[in-house]
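Scroll down for the structure; my scribbles are underneath it.
The values are calculated or read from the model by the stated rules, or taken from the named source; none is laboratory data. What you see is a predicted model, and the numbers here were worked out from it, not measured in a lab. Every residue, glycine among them, receives a Cβ derived from its backbone with ideal geometry; neighbour counts consider all protein chains shown. All accessible areas refer to the heavy atoms of the entire protein, side chains included, with ligands and DNA or RNA removed. Shrake-Rupley method; radii C 1.70, N 1.55, O 1.52, S 1.80 Å.
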Amino acid sequence: MSKIIKINKNSPEVSKIKLAAEVIKKGGLVAFPTETVYGLGADALNEKAVKKIFKVKGRPADDPIIVHVADRKELKRLAEEIPEEAEELIERFWPGPLTLVLKKTERVPKVTTGGLETVAVRMPDNAIALSLIKEAGTPIAAPSANLFGKPSPTSAKHVEHDLGGKVDLIIDGGSTRIGVESTVLDVTSSPPVLLRPGGVTLEELREVVGEILLHPAVKGRASRVARAPGMKYRHYAPKAKLILVEGKPERVRRKIQQLLKKFKSPGVITTNEKHSYNGEVVFIGSEAKEIARNLFKVFREFDERGVDVILAESISETGLGLAVMNRLKKAAYKIIRA
Ligand code: TXA
Ligand code: MG
């Protein structure tokens, strides 16, 4: 089994951070918390170490990995050019759940970027992550610390479930605050293109840069959209088949009630406390923020309960709702309009 150490997320113990940083420096793998989800970290500039990430996750080699930094100086060494719009976004949202895709420098190995000439960089808003990066003295490449295709981990327990025994160290820093991954924004073109909705909302981005284009994958399903890096695979999926039901709340409720009769052991994800259904029902929250925080945990809980089908109510694609709906659509086996 992998070594697990508990670290205080408000004031990380220096000796423990040093221990974890040693593992990174030596080319090992450390799973660590961020404000979004847990990451599976390795020295971003060490090709051999990054290759291990792909192997352990079962991730296709052409799926690029986000590089995490603790200061802006480091960013300058990773990105060839930082457009004015990017500077403004960094000023407003870093540290925080915003990943920027930029033209990479020679220093960044192609293994890390999945063969691309661009690099995705973010500065996480989590004291453990920041002190780990600083102490390691190198940017840390980290995808979400789940097995490929599975829901991202929002606690150390989830990481252990997927990767226990396969990584050198797991840092337990408690449950993550946001629960869905960072927003990925391509700033190599103007206007910037939103590749993945996440912790920073589209509305917040537009307050800073005005016009932002949406990649078709943002509101679509993985299988239906054109190939784009990291977007062509089904993601975040629980073992159970997830059926997403879209439409007006009352119609959705009735449709789910009908569908429930068709399955042997179904589960329901509801966002309305007043909706009552037969079977395993989880009220996931009524606000997008709460729903985002609980989403992946609920997927995993349903798997543990052994349900074969999950019927999920849809929510409005505004604010964090855009990220929530994006994950639901990507995880969905089927999308139904009520
Ligand atoms: O919140 C997060 O972003 C978490 C934590 C650990 O930081 N990380 C995360 O990494 O979600 P991952 O690998 O699960 O997702 C990274 C996404 C993928 O969709 C990938 O395709 C995209 O970022 N990406 C990375 N580099 C890119 C690049 N150069 N161009 C376009 N997309 C890129
Ligand atoms: Mg991931």
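Worth pointing out:
- Length-normalised contact order for the chain - Cα pairs under 8 Å, 6+ apart - percent: 20 percent
- Label zone (residue 211, point 7 Å along Cα-to-C-beta; backbone nitrogen cut-off 17 Å) within region 77-120: 84-86.
- Note on residue 258 and residue 289: with the Förster distance fixed at 22 Å, the Cβ-Cβ geometry gives a FRET efficiency of about 0.10.
- Region 122-168 and region 301-323: distance between their alpha carbon centers, rounded to Å: 23 Å
- Alpha-carbon centroids, region 79-105 and region 1-62: separation in whole Å: 23 Å
- Residue-averaged 222 nm ellipticity for the chain, from DSSP H runs of 4+ at -39500 (n - 2.57), nearest 500: -9500 deg cm²/dmol
- Full extension of the chain segment joining residue 10 with residue 80 gains 21.8 nm, where the gain is 0.36 nm per residue of separation less the Cα-Cα distance.
- Taken about its Cα centre, region 241-337 carries a charge dipole of about 400 debye when Lys and Arg each add +1 at the Cβ and Asp and Glu each add -1 at the Cβ.
- Ordering of 95-103, 9-17, 266-274 by burial proxy (mean other Cβ atoms within 10 Å per residue, highest first): 95-103, 266-274, 9-17
- Based on protein heavy atoms only, region 145-303 ends up with 46 Å² per residue of surface accessible to a 1.4 Å probe.
- For the chain, the Cβ-based charge dipole about the Cα centre amounts to some 1600 debye (Lys, Arg positive; Asp, Glu negative; other atoms uncharged).
- A simple spin-label model places the labels of residue 219 and residue 134 4.2 nm from each other, with each point 7 Å out along Cα-to-Cβ.
- Percent carbon-and-sulfur accessible area, the chain, ignoring ligands, DNA and RNA, probe 1.4 Å: 49 percent
- Residue 61/residue 204 FRET efficiency (R0 35 Å; Cβ-Cβ; nearest 0.05): 0.60
- Residues of region 252-292 with amide N under 12 Å of the 7 Å Cα→Cβ point at residue 316: 287-288
- Here each label is just a point 7 Å from Cα along the line to Cβ, and for residue 91 and residue 110 those points are 3.7 nm apart.
- On Cα atoms only, tilt of 84-93 relative to the major axis of the chain in degrees: 70 degrees
- Projecting the Cα atoms of 183, 197, 148 onto the charge dipole of the chain, computed from C-beta unit charges around the Cα centre, puts 148 farthest toward the positive end.
- Equivalent ellipsoid, the chain (semi-axes from 5 times Cα gyration tensor eigenvalues, Å): 33, 23, 17
- Translational diffusion of region 252-302, µm² s⁻¹ [Kirkwood Rh, Cα pairs; Stokes-Einstein; 20 °C; 1.002 mPa s]: 186 µm²/s
- Label point distance in nm, residue 274-residue 335, each placed 7 Å from Cα along Cα→Cβ: 2.8 nm
- Ordering 82-92, 314-324 by mean Cβ neighbour count within 10 Å, with the highest value first, yields 314-324, 82-92.
- Residues residue 71 and residue 48, FRET efficiency given R0 of 22 Å [Cβ-Cβ distance, rounded to 0.05]: 0.30
- Gaussian network model of the chain, springs between alpha carbon atoms under 10 Å - residue of 299, 283, 32 with greatest fluctuation: 283
- With contacts taken as Cα pairs under 8 Å at a separation of at least 6 residues, region 241-337 carries a relative contact order of 43 percent.
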